[in-house]
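Before any comments, here is the structure.
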Amino acid sequence: EEQRRKEEEQIRRLEEERRRREEERRIEEEQRRIEEQRRIEEEQRRIEEEQRRIEEEERRREEERRREEERRREELVDSWIVGLKTANLKHTHIVHQTKMNSDYFPTNEIKNADINKDEEKLSSRKFSENRNSNHSISRSEDTKSDDIKIRGGRQVTSTSPYGICQKKFNRSYIPNIEKSVEDITREMNHISISDRHEINEILDVVSKELKRPGSNYWRKPNVEELRKTLTNNPSDYGPCIVEICHSVKHVKGYRPRNTQLVSLCLLIKSSFHEGRLLEIKTGEGKSCIVAMFAVFLALSGRSVDIITSSPILAVRDSVEWRDFYKQFKLEVGCNLIPKENEDRLKCYKNPVVYGTVGSFASDILRQEFLMEDVRGARKFDAVIVDEVDSMLLDQGVNFTYLSSPAPGMHHIQPILLMIWNEVIRHPVVRSNLDRNYFVGKQELLHVVLSNMKKLIEFDPLDILGFLEEDGVLRKGFTEDVKEQVLMDQTKTGFFRNEMTKEKMLKCLRHVESKFHMSIELFEMYDGSTIHKVNKDPDPGEILGDPGEQARHQLLIVGEGLVCVLYQNKKTLCEHIKEKIKRILTTGCQDEGECDYEFPSYLSEFVYSRLPKWIDNAFIALSVVYFLNNNQLH
């Protein structure tokens, strides 16, 4: 019993010890958790303080920028006030009343919608400013709305210098403030009041629809519904403008401005009965206006031709606005890209085609004059002309011709082939003196010497005779060469065997001293580099003026063969030109074959163009070509 009580007491003590340890462990864990929580809270407080400090710094910088902006604005307004007080500015805007006869405008009438006010005369100016808010400018003026002068078919209107000042002020410092539709239409003095009210009502509905909750969630336009609406009721074009604005926002990331929407409405109203001439300032987004109007015309079932002032703009706009047209299931083409009639026909099957005056005119000539099926059944329905002054004035006297092969030009093809063969047979090597040379054709030593400037009057065999008489070559060497040439010009084996490198160097050294020439000799070192093998002659060994000496560079191949080295492209081009002239004059190649007959009436033309053709051949060597669909690019 005593033993049992001892065991129980021991068990009880062990249990108490275990509970005590667990309690201590729990307390330690709780303390660690509290410490961790405290550390996290302190870190969060530090981060919040840092964020508050950064925000405070940003607010301070923003306040400084705002104050600096206000100061610059005040200085600019003050400078304009001084300028307006010291100068009598008058801004004149000339609007041409133009009529155009074209297949694109059936009524032969174009209205001019100009966004300008009537003539205003500034009688007094009062400027009041509030330093704590934006500046406000008030003015009083006398307006003569009937003071419109007609001079030589031109209507002249003017705006006050205050308007110019305010326009520059707003454009420079308040870019986010946009004129309302009412302000824009109110400034139009060439459209009727009914048209003005109609545009205001249409765009008011469009604005409300665009601001409606949920309108930012883009959806594809119902093209069939739009076509049906425009066919049954063409004057109800408000829903079409809404879908166009949504698509521009989806594709381009911005919504059209009020100026662009008013311009679109003016173009839409003119598309029903007559043409319209709009003056749109640079930077107002003409490409966007043109694309929106082209979509409206295409949805109305019309074929649209868009004429730009340059090929670059035509290709650029057709590519950049392609996705916008696809939103309305419309394909767009550019008639500058196709080169074959089949591709041109596919291009003109698109409802919208971009191009230039020349591209459209040339395709019309192919269709009407050459009877080629280029445009298919496409009719002259609607045209949008960008930069109309460029078409009517700058290019008004331009003509479009269809090119055709000129007679007799087939005689030039062999000449171009000669030039190309000469150019490609002259590779470039580099010397150990860090100079580049063009390598000429391998020829026998005496033949190369006879082509040098001071030896050109001698026959190649005469040069061998001089060397034989002076003891450089053995007796009878010239006669052996002459007999061998008479027997067969291609067999020169004994000549090449006897003419070793040492003997060639000896011959060239003797020619240098005898004819007062300077010849630099090179040898091929590693297949791509040439090394000079002879030293320059001493001044005491040179007879005559060294500056008047002709310098020549030769590459020794061996066995009596050498190559002429040309120092630069200019020298090589001159050599090729003289060689081709000699061939055209005598009709003989280097090998003595006289099988080319060149018409004399082309001589002057070819001789004048030879330098340019040779230079173009060298340029063609550095161009990389690739073949795509059997066409070289």
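Write out the GluC sites (Glu not before Pro) in the stretch 190-275 meeting two conditions: DSSP loop, and at most 12 other Cβ atoms within 10 Å of their Cβ.
Sparse-neighbourhood loop GluC sites (Glu not before Pro): none present.
Treating the stretch 301-404 as a set of equal point scatterers at the Cα positions, no solvent, please give the Debye-formula log₁₀ I(q)/I(0) at q = 0.19 Å⁻¹.
-0.98
Mind checking the stretch 335-442 for trypsin sites (Lys or Arg not before Pro) that DSSP puts in a loop (not H, G, I, E or B) and that have at most 16 other Cβ atoms within 10 Å?
Answer by residue number: 339, 349, 379, 425, 435.
Send over the Kirkwood Rh of the stretch 32-77, from the inverse of the averaged 1/r over different Cα pairs, rounded to one decimal Å.
So the Kirkwood estimate lands at 13.3 Å.
Once you sort the root eigenvalues of the Cα gyration tensor of the stretch 179-299 as a ≥ b ≥ c, which label holds: rounded (a/c under 1.5), prolate (a/b larger than b/c) or oblate (the other case)?
In terms of gyration-tensor shape, rounded.
Could you pull out the trypsin sites (Lys or Arg not before Pro) across the stretch 1-84 that fall in loop regions by DSSP (anything but H, G, I, E, B) with no more than 12 other Cβ atoms inside 10 Å?
Here no loop site has a sparse enough neighbourhood.
Roughly speaking, what is the stretch gain from residue 57 to residue 529, that is 0.36 nm per residue apart minus the C-alpha to C-alpha distance, in nm to one decimal?
Difference between extended and current length: 163.2 nm.
Every read-out reported here was derived from the displayed coordinates using simple, explicitly stated rules and does not represent laboratory data. This one's a predicted model, so the numbers in the text were calculated from it and none came from an experiment. We place every Cβ from the backbone using ideal geometry, glycine too, and count neighbours over all the protein chains shown.
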